[in-house]
Structures are given as C-alpha cells and as structure tokens.
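The structure appears below as structure tokens.
The values are calculated or read from the model by the stated rules, or taken from the named source; none is laboratory data. Predicted, not measured: the structure shown is a model, and the values here were computed from it. Positions of Cβ are backbone-derived with ideal geometry, glycine not excepted, and every protein chain shown enters the neighbour counts.
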C-alpha cells in the first residue's frame, strides 16, 4: 500500500508545481465536520461516523483550491483543527491535508477525492502512561472522500462529503509478549470517518488570454 500512496503524493506535488500558471479557477473552502475516530491496530477499514462506541471527532478547517483550465480536477490544500474525545481520552491536533478532487457536473457536482495529510499533536490527556511513553507528536496518513456540492451562483457553493482518514504512521506503540515468550511491538494508528459540511467561494475566472483594457 505504501508504493501507491507515494505515487499519489508525487502526482499531487508535481501538479501543484506546474499547474498554477494555467490555473483559471481559484477559491477557498470553509469546512466543519463531525464523526468518529479510533486508534487501533487495523488501518484499512471504514469508520462509521455514527458509531457511538468510538470516540467523538470534530474538525474545523480552511482550504484553498485551484482548477487548471479545462481540467476535470481541483487541487486542494489547507489546515484544520481537530479534536478527538471520549472520556477520559482527549486529543487535539492540527491536520494539513493535500489532495485532489474530481469535478463531475456544473450546477450540481459530485466530488470524489483523495489525498495525503500530516498531523501535529497539540495536546492529549487520558492516555494510559504505558502508551503515553511512545506517543508520537507527528503523524501522517491518507484519506478518501465522496461528496456533493450545489452551486448557488458562480461564486458560492454548499457542499457535503463523507471522508475516511487512515494513518500511515503509528500514534503510539504497545509492547507485548507472544505465548512462546517472545517480545514484539504492536503499532496503533488513528482511523477516522466524518461528515464535512462546507461553503466554498470561487474567485471570478481570469483567462490568460484576456485583453487588458485601458
């Protein structure tokens, strides 16, 4: 799984380096999300945002996007404050996502997307001391999302999306001993699923061949 993720990251970075000169559509997204999160050994499963057994998950972020001329994709990048809570566990993070979003439709749009993210741990409490010793302050992961948006006009869109994030690096490690007496380490990664509600502002289109008027 690591190799495809590295390839996806390379595509996103190269597109970000070479596309700005062609970018015709730029804007900003303000998003707020609610869902559930867990830190466990499995990292490839989907998380149900309504699963009351898991820790509550809150996200508030802002992103910038641009869409190259005649392209079917938008490139996005931003920052989000996120909180994971389940008494007595509490974790607060900053997440920096970088991704790509496929644009399907005009007035009503389907918005599947995917990308990578890095997270910085701001604060934690309630983690057992044996786990806190190996707690990482920096994390990385990837996400996939499926959303929809409605354009009220050329500038404003309301959107909703279901996003699932899966950690690539561990949040902490657990030392264990096998039945045969051999020690080994289990790495626990964060997985989350949440609904994002957003409002998007798109700047007026600027064509690169537009004439400058006096």
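Taking residues in the stretch 117-144 that are closer than 18 Å to residue 83 by Cβ, and partners anywhere that are modelled with pLDDT under 80, the pairs with Cβ atoms closer than 6 Å and at least 6 places apart or on different chains are 126/88; 126/89.
Yes or no, residue by residue, for (1) over 14 Å from the mean Cα position of the chain (by Cα); (2) over 19 Å from residue 83 (Cα atoms); (3) surrounded by 15 or more Cβ atoms within 10 Å (Cβ to Cβ):
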{"position": "115", "(1), (2), (3)": "no, yes, yes"}
{"position": "156", "(1), (2), (3)": "yes, yes, no"}
{"position": "163", "(1), (2), (3)": "no, no, yes"}
{"position": "166", "(1), (2), (3)": "no, no, yes"}
{"position": "172", "(1), (2), (3)": "yes, no, yes"}
{"position": "176", "(1), (2), (3)": "yes, yes, no"}
{"position": "204", "(1), (2), (3)": "yes, yes, no"}
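The single condition among (1) surrounded by 13 or more Cβ atoms within 10 Å (Cβ to Cβ); (2) in a loop (DSSP other than H, G, I, E, B) that residue 148 does not meet is (2).
Kindly establish whether residue 27 is in contact (Cβ under 8 Å) with a residue 40 or more places away in the chain and under 21 Å from residue 204 (Cβ atoms).
Details: in contact (Cβ under 8 Å) with a residue 40 or more places away in the chain: yes; under 21 Å from residue 204 (Cβ atoms): yes.
Judged against the criteria, residue 27 is a match.
Just one of the listed residues (109, 125, 92) is surrounded by 14 or more Cβ atoms within 10 Å (Cβ to Cβ), farther than 21 Å from residue 201 by Cβ and out of contact with any helix residue (DSSP H, G or I) (no Cβ under 9 Å at 6 or more places or on another chain), namely 92.
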